[in-house]
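Have a look at the structure below, then the notes.
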Amino acid sequence: MTKGTNRRDFVKSTAALGMGAWVAGGVSLKPSLSANEEIRFGCIGVGGKGKSDSTDAGNHGKVVAMCDIDDETLGKKKSEFGDAKTYNDFRKMLEEMGDSIDAVTVSTPDHTHAVAALQALNMNKAVYCQKPLTHSIEEA
């Protein structure tokens, strides 16, 4: 025979649990600092929309490589991510930095979205790509 719960017992136990949660409220987990838990990003296109995409990637991990065809734009972002290697060709960046990159942002002009994203996906990288990914069903 099981004992039923009455309202008084329910209020007592939830009050006790609530007090415990309130007391422990100041306790939080210490953020992990393991290098294995930090996402390493490669950013393709760092001007225009790529400016905010790469900054956001840097807020969620470490930008280790950047690519843009405009050296002036690349130089401005280099000041934000000083340790990141810079490239003018995303194919060369992915080839050289492939083992050092976990994820890629693609913020280039529309006609290169699919090419850059596909190369990164074929390397088993996570990809954040601006829209549109492709211009036609055939390209998709």
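The values are calculated or read from the model by the stated rules, or taken from the named source; none is laboratory data. Just so it is clear, the structure is predicted and the values come from calculations on it, not from any experiment. We place every Cβ from the backbone using ideal geometry, glycine too, and count neighbours over all the protein chains shown. All accessible areas refer to the heavy atoms of the entire protein, side chains included, with ligands and DNA or RNA removed. Shrake-Rupley method; radii C 1.70, N 1.55, O 1.52, S 1.80 Å.
Number of residues in segment 113-140 that are open to solvent by 40 Å² or more (accessible area, probe 1.4 Å) and part of a helix (DSSP H, G or I) equals 5.
Does Leu74 qualify as being within 17 Å of Lys49 (Cα to Cα) and touching a helix residue (DSSP H, G or I) at 6+ places or on another chain (Cβ under 6 Å)? The answer is no for Leu74. Scanning segment 57-81 for residues that are under 17 Å from Lys125 (Cβ atoms), part of a helix (DSSP H, G or I) and open to solvent by 30 Å² or more (accessible area, probe 1.4 Å) turns up just one, His60.
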